[in-house]
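Heads up: the structure comes next, in structure tokens.
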Amino acid sequence: MSNFVSVTRDGGVAVVTIDYPPVNALSFHVREPLMQALVSLRDESDVAGIVIACAGRTFVAGADITEFGKPVQQPDLRAIIAVLETIAKPTVAAIHGTALGGGLELALGCHFRVADAGARLGLPEVKLGLLPGGGGT
């Protein structure tokens, strides 16, 4: 897959793990292999469900601010969420730490969300007068 996104299996459940320190930001280096993993798993008959999880101290804490002001490289978050919506198998976001901005939108694109009791969810961009970039309105 990539250095930042891996897939493991436990029976019929595929676990897609994002590991992009320090906060698992949704950079191109995460979005591209995440998209590839989701498309591949969607079409695999031996996969009954998909969990999106993150390594480290937090779920996806939003966009990669180093990419702000640069042309968006595809796939963008909306494309990833669109693929999630085409997956007939159950998809689950396993949230810990924070799920902010695009991270929350990624979780909302899944069929189900489970969160650690201490998890914090939010769309902080609205405080700046910005609409959520992935369509999470």
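The values are calculated or read from the model by the stated rules, or taken from the named source; none is laboratory data. This one's a predicted model, so the numbers in the text were calculated from it and none came from an experiment. Note: ideal-geometry Cβ built from the backbone for every residue, glycine included; neighbour counts use all protein chains shown.
Brief remarks follow.
- Selected residue [surrounded by 15 or more Cβ atoms within 10 Å (Cβ to Cβ) and assigned to a strand (DSSP E or B)] from VAL30, VAL16, VAL83: VAL16
- Residue in the stretch 37-45 that is of a type in the set (Val, Ile, Thr) and closer than 22 Å to LEU123 by Cβ present: no
- Given (1) over 18 Å from SER6 (Cα atoms); (2) assigned to a loop (DSSP other than H, G, I, E, B); (3) modelled with pLDDT of 95 or more, index of the condition VAL47 fails: (1)
- Residue check for VAL13: among the aliphatic types (A, V, I, L, M) and more than 15 Å from the chain's Cα centre (by Cα): yes
- Flag for ALA61 being in contact with a Ser or Thr (Cβ under 7 Å, 6 or more places away or on another chain) and buried (at least 16 other Cβ atoms within 10 Å of the Cβ): yes
- Within the stretch 1-13, if we keep just the residues that are surrounded by 15 or more Cβ atoms within 10 Å (Cβ to Cβ) and β-branched (Val, Ile, Thr), the residue that is farthest from MET35 (Cα to Cα) turns out to be VAL13.
- When residues of the stretch 80-106 are limited to those that are small (Gly, Ala, Ser) and out of contact with any helix residue (DSSP H, G or I) (no Cβ under 7 Å at 6 or more places or on another chain), the one farthest from PRO21 (Cα to Cα): ALA88
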